[in-house]
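See below for the structure under consideration.
Read-outs: derived from the displayed coordinates by stated rules, not from any lab. For clarity, every value in this text was computed on a predicted model and none was experimentally measured. Ideal geometry is used to build each Cβ from the backbone, glycine not excepted, and the neighbour counts take in all protein chains shown.
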Ligand code: ADP
Ligand code: MG
C-alpha cells in the first residue's frame with residue numbers, strides 16, 4: 001500500500017504503543033459541492049480533513065479481539081467467532097469491518113486495537129466512516145491481506161450498512177481513504193471513477209458552522225426524496241428509455257417530460273442542476289477562480305432549500321447571516337439536511353470576526369450555542385509514525 005505519512009501520533013494513544021504496534025490515521029470529510037447527487041448516480045466533491053480517527057493495532061496469539069476506546073474510556077473483549085452488531089455502540093463500526101473481512105474469507109486472527117479521535121461525533125463530518133476506514137486499513141496492514149483501497153472503502157461501507165444499520169452511499173468512506181492534501185476529489189458515484197482537483201486556499205479557510213440541531217424529519221424525508229427522484233426518472237423513461245437515473249437526464253428532458261407545477265419537477269431539476277454545478281465548479285478550481293466556485297456553493301444552498309426542500313430554518317439562518325460579509329466567498333448547508341453544519345469559504349482575516357458575530361446572532365435567534373470548526377484539507381487514510 002502507500003507509505004507511512006508524517007502525521008503526529010496523538011498523546012492519548014501513547015500508552016498503547018509497543019515495538020510491534022502499527023498506527024493508522026483515517027480522517028473525517030467535508031463535501032464542497034454535490035449534495036443529494038450520490039444516490040442519483042451523480043457527482044460529489046468531498047475532501048479529507050485534519051480531524052481524524054487514530055488506531056493502534058497489534059496481533060495477539062488468541063482468537064480474541066480486544067478493543068479499547070480512549071474517548072469512551074471503555075474496553076470490549078470478544079471471541080472472533082462471537083462477533084455481532086451492537087447497535088449504537090462504538091465497537092460495532094470496528095466489528096462490522098471484521099465481519100466483512102471474514103465474509104470475504106480474509107483470515108482475521110486475534111488482535112488488540114485502541115482508538116482515539118478528534119472528528120466531532122454526529123456533526124456531519126463522518127466520524128463513523130473514519131472509524132471503519134481506520135479499522136479496515138489497520139487490519140489489512142496487520143495481516144497483510146493485500147486488499148486494494150477501493151475494496152477497503154466498500155468493506156467499510158458495508159460495515160456501516162450491516163452492523164451500524166445505516167444505508168449510506170460510498171462517498172464518506174471513499175473520501176476518508178482517498179483524500180489528498182489540498183485537493184478535492186470529484187467522485188463519479190456511478191462508476192466510482194475519480195479525479196483530484198486542487199483547492200488552492202491561499203489566504204482562505206474552510207469554516208464549518210455547526211447548527212447543533214438534527215431534526216427528526218431527516219431520515220423519513222431522505223426516503224421521500226429518493227422516491228421522488230425515482231418517480232421523475234420513471235416519467236422521463238417513458239420518452240427516453242435509456243435513462244436509468246437522474247445522472248442520464250438533461251434540463252431539457254425535464255422541461256419536456258415533467259409538469260412544472262409538480263413537486264417532482266423541482267426535485268429533479270435541483271439534482272440535474274447540482275450535477276452541472278459540480279462539473280463547472282471543478283473547472284473553476286482548475287482556473288483558480290474561487291469566487292466563481294463560491295457562487296456555486298450559494299446556488300447549491302438555494303437549490304437545497306427552495307427546490308429540494310431539505311434545509312431548515314437554522315441552516316438558512318446561518319447561510320443568510322454570512323451571505324453579505326465581504327470575507328465570505330461561498331456558503332451552503334452540508335450533508336443530508338435538516339441540521340448539521342454549513343460549510344463556508346472565508347478570507348483568513350475575516351474568520352474570527354465571522355465566528356464571533358454569527359455565534360452571537362445565532363444564540364440570539366435560536367438560543368443555541370453555535371460550534372465552529374476551522375478545517376484544512378489533508379491526506380486520506382495511512383500508517384503514521
Ligand atoms: P457521524 O456523522 O459523525 O458519522 P454517526 O452517528 O454516524 O455520526 O457516527 C458516530 C459514532 O461513531 C459515535 O457515536 C461512535 O460510536 C463512533 N465513533 C466516532 N468517533 C469515534 C471515536 N473517536 N472512538 C470511538 N468511536 C467513535
Ligand atoms: Mg456516520
Inset, instruction - Please give the contour-minus-distance gain from residue 195 to residue 12: 0.36 nm per residue of separation, less the Cα-Cα distance, rounded to one decimal in nm. - result: 62.4 nm
Legend entry - Label-point separation, residue 295 to residue 376 (7 Å along Cα→Cβ), nm: 3.0
Inset, instruction - Decide, for the stretch 110-156, between rounded, prolate and oblate: order the square roots of the alpha carbon gyration tensor eigenvalues as a ≥ b ≥ c, take rounded if a/c falls under 1.5, and otherwise choose prolate if a/b is larger than b/c, else oblate. - result: oblate
Inset, instruction - With label points built 7 Å along Cα→Cβ from the Cα atoms of residue 72 and residue 313, find their separation and express it in nm. - result: 3.6
Inset, instruction - Using a/c under 1.5 as the rounded threshold, could you call the stretch 210-341 rounded, prolate or oblate? The axes a ≥ b ≥ c are square roots of the C-alpha gyration tensor eigenvalues, and prolate needs a/b larger than b/c, oblate otherwise. - result: oblate
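Let me have the 222 nm mean residue ellipticity of the chain computed from DSSP H runs of 4+ only, each contributing -39500 (n - 2.57), with the sum over all residues rounded to the nearest 500.
Working: 10 runs with 140 residues, N = 385.
That calculation yields -11500 deg cm²/dmol at 222 nm.
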Inset, instruction - Quote the FRET efficiency, to the nearest 0.05, computed for residue 226 versus residue 363 with a Förster distance R0 of 30 Å and r equal to the Cβ-Cβ distance. - result: 0.30
Inset, instruction - Find how much the distance from residue 213 to residue 283 grows on full extension, using 0.36 nm per residue of separation minus their present alpha carbon separation; answer in nm with one decimal. - result: 21.8 nm
Inset, instruction - Using per-residue counts of other Cβ atoms within 10 Å, averaged over each peptide, order 175-187, 14-26 from highest down. - result: 175-187, 14-26
Inset, instruction - Give me the Debye-computed log₁₀ of I(q)/I(0) at q = 0.11, 0.16, 0.22 Å⁻¹ for the stretch 73-197, equal point scatterers on Cα only, no solvent, two decimals. - result: -0.37, -0.78, -1.41
Legend entry - Computed FRET value (nearest 0.05) for residue 59 with residue 302, which takes r as the C-beta separation and R₀ as 41 Å: 0.20
Inset, instruction - Please determine, in degrees from 0 to 90 and to the nearest 10, the orientation of helix 217-237 with respect to the longest principal axis defined by the Cα atoms of the chain, where the helix direction is its Cα long axis. - result: 60
Legend entry - For 33, 9, 283, order by how many other beta-carbon atoms lie within 10 Å, fewest first: 283, 9, 33
Legend entry - Alpha carbon convex hull of the stretch 75-130, volume per residue in cubic angstrom: 97
Legend entry - Neighbour-count order for 133, 341, 282, fewest beta carbons within 10 angstrom listed first: 282, 341, 133
Legend entry - Whether the chain is rounded, prolate or oblate, judged on the alpha carbon gyration tensor where a/c under 1.5 counts as rounded: prolate
Inset, instruction - Among 334, 325, 297, rank each residue by its count of other Cβ atoms within 10 Å, from fewest to most, as a rough exposure measure. - result: 325, 297, 334
Legend entry - residue 259 versus residue 347: modelled label distance in nm, points set 7 Å from Cα along the beta carbon direction: 5.0
Inset, instruction - Just the ratio, please: alpha-carbon radius of gyration of the stretch 23-140 over 2.2 N^0.38 Å, N its number of residues. - result: 1.13
